[in-house]
Amino acid sequence: MSDAGVVRLLLFRVGNLLCATEAERVREILPRLEPTRIPGAPPVVAGIVNVRGTLVTVVEGWRALRQAAPAPPLPPAPASGSAPSPAPAPAPASDPMTGGGAGGGGERVGGEGGDVAGTTVLLELDGGKKVLGFTVDEVVDLLSVGGEALERRQALPGIDPTLVRAVGRRAGQLFVVLDTDALLTPILSS
Amino acid sequence: MSHTVLVCDDAIFMRTMISDILAQAGFEVVGEAETGSQAVEKYRQLKPDLVTMDIVMPDMGGIDAVREIVKQDPDAKILMCSAMGQQALVVEAIQAGAKDFVVKPFQPSRVLEAVQRVLG
Amino acid sequence: MDLSQYAELFLAESREHLSACNQLLLDWERAPANPAPVGGLFRAVHTVKGMAATMGYARVTDLAHRAENLLDLVRRGARPATDDLLQLLFRARDGLEHAVELSVAGREDEIDVAEVVADLDGAAAALAGVRSGARPTATPGPAPEVAGPITPGRLVQVTLRAEAPLKGGRAVLALKKARSLGEIHDVTPPEVAFEAEDFDGRFSFRIGGAAAPGDIERVVRSAGDVEHVTVGGEERRPAPEAPGPSGAGTPDARTRHIRVDLGRLDGLMDLIGELVTVRGRLNELAAERRDPAIDDVAIQVSRLSSELQAEIIQARMTPVWQVFDRFPRLVRDLARELGKQVAFRVEGKEIEVDRAILDELGDPLLHLLRNAVDHGIESPADRKRRGKKPEGEIVLTAVRERASVAISVRDDGRGIDRAKVLARAKREGIVDAHAEALTDDQLLRVLARPGFSTAEAVTSVSGRGVGIDVAMTRIRALGGSLDIRTEAGKGTTFVMRLPVTLAIVRALIAGVGPERYALPLTYVAETVEFGVQATTIVEGREAIVLRDRVVPLVHLRRLLGVAGDPPARWPIIVLEMGDRRSGIVVDGMLGQQEIVVKGFDAPRGTLPVFSGATIMGDGMPALILDAGGLV
């Protein structure tokens with residue numbers, strides 16, 4: 001993250017944490033897809049999902065960041081004010097630019113009688129060599145910020161400092177730019 | 001109507017290249033053979049206007065194939081394809097009834113010249 | 001013309017010819033008095049030369065030309081093989097192979113073959129010396145005037161173009177054409193000189209008959225490459241070139257072989273894979289809708305995609321000789337180096353496997369063969385002492401078994417000393433300290449431990465560990481298995497079993513609780529149903545007895561940690577890999593289908609019993625169980 005340039009960040013919420021990652025590492029934003037369990041894998045791994053013919057391993061964001069489990073699946077009645085969205089099982093691709101976080105109300109897709117509502121963000125790992133899914137509670141915004149607006153502060157309550165690359169502020173609220181490589185690489189075997 | 005050609009060479013590489021040269025010049029490659037005996041057999045079936053014949057092939061060599069084909073059809077128009085250093089074999093092929101020869105490495109213009117000469 | 005499009009073809013075909021050379025040289029070495037392989041060698045080198053010349057690879061052409069020269073002399077003289085000659089030809093072949101690879105890679109200037117070229121020329125000169133006088137020599141100098149008695153007819157003097165190749169052939173062609181006009185006399189130099197390489201393209205003759213000088217010139221020129229023709233003292237300037245045929249019309253489709261880059265086949269296979277997945281989805285939709293029109297289309301799509309898939313799998317199938325063919329040479333070289341005598345035989349060369357698998361086979365086989373020569377076969381003296389033939393035998397065999405291929409490496413050497421391996425395994429705590437013997441299976445497991453092959457092992461345990469772990473890992477990664485049979489003093493056999501194709505396989509879909517798993521049919525022997533009361537305990541393991549054979553059971557539910565209780569009666573899938581069997585207990589059998597094998601990023605901790613994953617007809621992923629990990 002250069003200090004001078006402008007960085008585009010994708011903001012998303014996991015539990016009580018407002019997190020961000022560079023938009024260029026985001027391959028795609030998808031509704032939550034029902035995963036197939038991988039026997040033996042740690043609980044932080046939700047399983048594998050089918051993204052248009054490619055198998056992607058998905059990590060549970062709330063477990064990885066030690067947050068509380070998201071709210072249990074909502075009853076069929078729509079949640080306060082948010083329009084019910086149609087949820088076809090394998091949803092079409094959505095561009096990171098427009099995919100989620102329109103306006104304030106977090107999109108709640110998926111979860112048609114399934115387990116947890118939420119969104120899966122496909123992240124590039126290891127310089128784009130691998131792609132992992134990362135579940136978040138909701139995508140909040142796509143921001144462009146000047147490098148100088150980010151602080152290299154790492155100590156922040158509620159999160160392991162080694163996972164924090166920087167801290168920023170949006171509408172008065174702090175967000176952490178995650179070191180996704182540090183967070184996700186150890187989960188893969190090699 | 002375009003002339004029909006039978007291409008005989010044991011190397012796919014060579015057959016491909018000769019076929020490409022001839023096809024680009026408007027000839028119709030109607031068959032390929034990898035051995036002398038195949039060449040004789042295919043000549044009988046296809047009655048092509050022209051045969052390009054490699055000298056060194058397994059099974060039956062090109063020169064013997066020329067003899068066989070000329071025996072069937074004294075007017076057969078056979079163009080030998082030879083490599084440098086095959087003077088004696090080329091001479092033998094011509095005596096056996098081949099109408100002309102080209103020497104590898106092939107230049108398309110030379111191949112086409114020779115073909116024109118053979119087809120008269 | 002753009003030659004680069006032919007480079008791949010050139011490379012592939014040159015490799016084939018050079019591989020054939022290896023085999024021919026080995027054949028010749030085995031029966032030195034039989035000159036039959038020399039003709040094949042000559043042809044192969046000759047073909048490479050012609051191709052290389054066309055590609056413009058001057059150094060390959062030159063080296064091939066010199067090798068060909070030598071081979072031609074050998075062939076004409078029907079000379080037996082000597083050790084020196086064979087070594088030289090092996091070196092020339094290796095040099096050619098190297099030169100071909102470098103040329104195609106655009107690194108022609110790195111080719112250094114000066115030494116082998118000098119040796120080839122030296123050997124050729126020595127042989128030619130023996131045969132000196134057998135062939136006519138050329139007459140240098142200007143086209144001679146005809147001397148001697150005057151014969152009737154016009155004097156025709158011809159000069160061929162300086163750059164014309166094979167001028168002698170051209171001259172013979174000119175004479176032949178001239179003969180159609182009249183009788184030919186006084187050919188100078190004599191026709192036999194045309195066959196010499198250094199004929200300079202100038203010749204003269206007298207022609208009888210009544211043909212006009214213009215006609216004579218035209219006919220002579222029709223031989224091509226004619227610079228000057230002088231008929232009866234009347235000189236003519238060269239006529240302009242005859243134009244080439246006008247390039248009109250496109251050729252019709254021609255039947256011919258093409259070579260396809262493996263990457264393209266892979267791409268095609270991926271697409272077919274997706275098509276198969278979509279087909280599954282379509283079939284399910286059709287079943288839901290119960291619309292006969294959709295049904296019809298679904299059936300047609302099914303049929304077409306199956307045919308397409310079969311065609312593409314077939315296009316990927318490659319005979320094993322493409323990898324096996326380099327081994328005879330390798331075994332020979334290794335045996336020579338180690339002072340062993342080895343007769344090496346290959347059986348089942350024509351068996352076909354998926355190209356992707358074949359490409360992975362080279363290394364494991366190399367390890368096994370090297371072991372067989374180095375540690376299996378005893379020295380000739382040793383063998384004699386034990387009452388064996390001094391020459392050991394190694395056989396490499398490929399056999400098709402159901403949907404798999406078994407490839408074995410068998411030697412008749414000293415076998416593996418189980419007692420020593422056992423002692424060592426005990427010392428390292430690999431087996432129970434009270435174990436009294438090692439089964440073949442245990443033996444292999446000990447040998448395949450990484451690092452087992454220490455220097456001590458090499459000497460005291462006949463070093464069988466060398467590379468076994470490497471081979472084992474590679475084979476397992478391909479969804480295959482490795483087995484060993486060994487008998488002290490009699491020899492050792494390694495058998496690897498591999499699926500015939502990797503990309504799309506037929507699999508059983510097994511249900512365990514709410515989960516589904518795919519089990520490729522490659523190693524499925526049968527499925528049976530048993531109740532809990534029918535099982536027994538054998539050697540501390542739960543098992544069933546099936547036609548007098550004990551089949552140990554693996555409960556998938558327990559292994560994979562699926563919650564809930566199993567049904568009262570268990571479907572059991574019996575897997576068979578070589579001599580080993582295992583019964584996989586599942587909850588239900590959900591049918592058979594073609595599955596497309598895909599990789600996935602396995603998180604740490606993932607149980608080592610999966611070879612990949614696939615996508616089911618409903619779009620959900622399912623993991624593929626690896627038979628090798630279960631048996």
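The values are calculated or read from the model by the stated rules, or taken from the named source; none is laboratory data. As the structure is a prediction and not an experimental result, all values here were calculated from the model. Positions of Cβ are generated from backbone atoms using ideal geometry, with glycine treated the same way; all protein chains shown enter the neighbour counts. These accessible areas exclude ligands, DNA and RNA; they are computed on the full protein's heavy atoms, side chains included. Shrake-Rupley method; radii C 1.70, N 1.55, O 1.52, S 1.80 Å.
Miscellaneous remarks
- Phi to ³J(HN,Hα) by Karplus 6.51 cos²θ - 1.76 cosθ + 1.60 over region A:49-66, Hz, x for Gly, Pro: 10, 9, 10, 6, x, 9, 8, 10, 7, 10, 9, 6, x, 5, 6, 4, 9, 6
- Among the protein heavy atoms, those of residue C:548 account for about 150 Å² of accessible surface (1.4 Å probe, every chain in place).
- Whole-percent carbon and sulfur share, accessible surface of region C:504-630, 1.4 Å: 51
- With a 1.4 angstrom probe, the accessible area lost at the B-C interface totals about 4300 Å².
- Residue-averaged 222 nm ellipticity for the protein assembly as shown, from DSSP H runs of 4+ at -39500 (n - 2.57), nearest 500: -11000 deg cm²/dmol
- Where A meets C: accessible area buried, both sides, 1.4 Å probe, Å²: 1900
- Its Cα centre serving as origin, the protein assembly as shown has a Cβ charge dipole (Lys and Arg +1, Asp and Glu -1) of approximately 1620 debye.
- Interchain or long-range residues, amide H under 5 Å from residue A:188's placed H: C:604
- Between residue A:179 and A:164, A:165, the built amide H atoms are under 5 Å apart, and every one of these is 5 or more places off in sequence or on another chain.
- Surface analysis of the protein assembly as shown yields an accessible area of 45 Å² per residue, using protein heavy atoms and a 1.4 Å probe.
- 3J(HN,Hα) couplings calculated from phi for region C:19-34 with the Karplus curve 6.51 cos²θ - 1.76 cosθ + 1.60 (θ = phi - 60°) are, in sequence order, 5, 4, 4, 3, 4, 5, 5, 5, 4, 5, 5, 5, 10, x, 7, 8 Hz; Gly and Pro show x.
- Measuring heavy-atom accessible area with a 1.4 angstrom probe and counting protein chains only, the residues of region C:617-631 that give up at least 40 Å² relative to the chain alone are C:620, C:621, C:623.
- Threshold 10 Å² - residues in region B:102-120 whose accessible area is reduced by that much or more when the chain is no longer isolated, probe 1.4 Å: B:103, B:104, B:105, B:106, B:108, B:110, B:112, B:113, B:116, B:117
- Protection proxy ranking, highest mean first, for peptides C:578-591, A:21-34, A:165-178: A:21-34, C:578-591, A:165-178, where packing is the per-residue count of other beta-carbon atoms within 10 Å, averaged.
- Across region C:556-572, coupling constants 3J(HN,Hα) worked out from phi with the 6.51/-1.76/1.60 Karplus curve, θ = phi - 60°, read 4, 4, 6, 4, 8, x, 8, 6, x, 9, x, x, 5, 9, 10, x, 10 Hz, and Gly and Pro carry x.
- Value in Å of the Kirkwood radius, where region C:538-595 supplies the Cα pairs that are averaged: 12.7
- Distance in nm between pseudo-label sites at residue C:128 and residue A:185 (7 Å out along the Cβ direction from Cα): 6.4
- Sorted largest first, extent of region C:263-318 alpha carbons per principal axis (Å): 42, 15, 11
- The Rg/Rh ratio of region C:320-499, with both radii computed over alpha carbons and Rh defined as the Kirkwood radius, is 0.97.
- Size of the protein assembly as shown as Cα extents on the principal axes (Å, biggest first): 120, 79, 64
- Within the same chain, lysines fewer than 8 places from residue B:77 are excluded, and of the rest, those with a Cα less than 24 Å from its Cα are B:42, B:47, B:99, B:104, C:167, C:176, C:177.
- Using bins of 5 Å that start at zero, the share of Cα-Cα pairs per bin across region C:377-444 amounts to 3, 14, 16, 13, 14, 16, 15, 8, 1, in whole %.
- Hydrodynamic radius (Kirkwood) for region C:154-236, which is based on Cα pairs only, to one decimal in Å: 12.3
- Of the solvent-accessible surface of region C:154-236, computed with a 1.4 Å probe and all protein chains present, 47% belongs to carbon and sulfur.
- For region C:4-130, fraction of C-alpha pairs farther apart than 27 Å, in %: 14
- Just so you know, the Rg over Rh for chain C is 1.13, from Cα atoms, with Rh as the Kirkwood radius.
- Rg/Rh, computed from the Cα trace of region B:16-120 with Rh as the Kirkwood radius, has the value 0.92.
- Solvent-accessible surface of protein heavy atoms, probed at 1.4 angstrom with all chains present, puts C:82, A:57, C:188 in the order C:82, C:188, A:57, largest first.
- Amide H partners (placed H, <5 Å) of residue A:46, local residues excluded: A:58, A:59, A:60
- In percent, rounded to a whole number, the relative contact order of region C:320-499 is 24, using alpha-carbon pairs under 8 Å and six or more apart.
- For residue B:13, solvent-accessible area (1.4 Å; no DNA, RNA or ligand), Å²: 0
- Shown for region B:4-119: the carbon plus sulfur share of the solvent-accessible area, taken with all protein chains present and a 1.4 angstrom probe, equals 48%.
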